[in-house]
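All remarks here apply to the structure that follows.
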Amino acid sequence: MWVVPESEFFTMALWSISIGALGAAVVGIILANTDYFLPTTDKATLEYLEDTDLKPISDESRTFKAKELWEKNGAVIMAVRRPGCFLCREEASELSQLKPELDKLGVPLYGVVKEKIGTEIEDFQPYFKGDLFLDVKKRFYGPQKRKMMLLGFIRLGVWQNFRRAWKGGFEGNLEGEGLILGGMFVVGSGNQGILLEHREKEFGDKANLTAVLEAAKKINTEMEVH
């Protein structure tokens, strides 16, 4: 009877383990690039958003309910993941290109941030043409806050987003909390409701600007549209 030498058996075992580990890694990467493991959340309701406490960046002593942002003329609101992030700066810059059209519609453009660190807000404002507010309790990032951690760095889409922003000349830093994902909302006036809700599914996942503008056109504003 032929007996496999102990050294050869050990080598075969190592090869089997290596092949198995490689296969598991490949499967893991494939699954990571689907939406299967992406964090999810319930859609926000108007009642949930309007009860959010916000603070003006210029006057943090004042607190008001978010409902004031859209009560008369609706609003387009960007929930900024991190002001220092070059992907967020890219999105803010592109969204700001809609401001002339939004002004014609009488619809304001706003942004909310979840923290204020150093000069991060001031450094972000050249990219964003709307007013910014502080959402300390991070309600615009809920109802269930979604985080993307190491998964984000093995997703092909994230690296494609990095490359796009780099080619666009955008730069940033690593200051502040950047794992809680942001999003975009178009909210109608009064009780008209949430007309568009975009949740960032991975770093650099931007809302469709055409969809944002079309949703804004559905807002019932009190201003005369010229």
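With a 10 Å radius around each residue's Cβ, average the other Cβ atoms per peptide and rank 78-89, 101-112, 187-198, highest first.
On the way: 78-89: 25.2, 101-112: 20.2, 187-198: 17.4.
Highest to lowest by the protection proxy: 78-89, 101-112, 187-198.
Calculated from the alpha-carbon coordinates, the stretch 145-202 shows an Rg and a Dmax of 14.9, 42 Å respectively. Basic side chains Lys and Arg get +1 at the Cβ, acidic Asp and Glu get -1 at the Cβ, and with that the dipole of the stretch 99-204 about its Cα centre reaches some 480 debye. Fully extending the segment from residue 68 to residue 99, taken as 0.36 nm per residue of separation minus the present Cα-Cα distance, adds 9.2 nm. Pairs spanning more than 30 Å between alpha-carbon atoms, out of 72/147; 116/218; 72/145; 72/206; 116/206: 72/147; 116/218.
Straight-line cross-link reach from residue 104 at under 15 Å between alpha-carbon atoms covers these aspartates and glutamates, not counting any fewer than eight positions away in the same chain: 214, 222, 224. Summarising the label geometry, the points placed 7 Å from Cα in the beta-carbon direction at residue 46 and residue 173 lie 4.1 nm from one another.
Students often forget the sequence filter, so: which aspartates and glutamates lie under 16 Å Cα-Cα from residue 201 once same-chain residues fewer than 8 apart are removed? Output for residue 201: 35, 42, 91.
A short reminder: the numbers here are calculations on the coordinates, not readings from a lab. Note that the structure is predicted; figures quoted are calculated from it, not measured. All Cβ positions, even for glycine, are placed from backbone atoms using ideal geometry, and neighbour counts span all protein chains on display.
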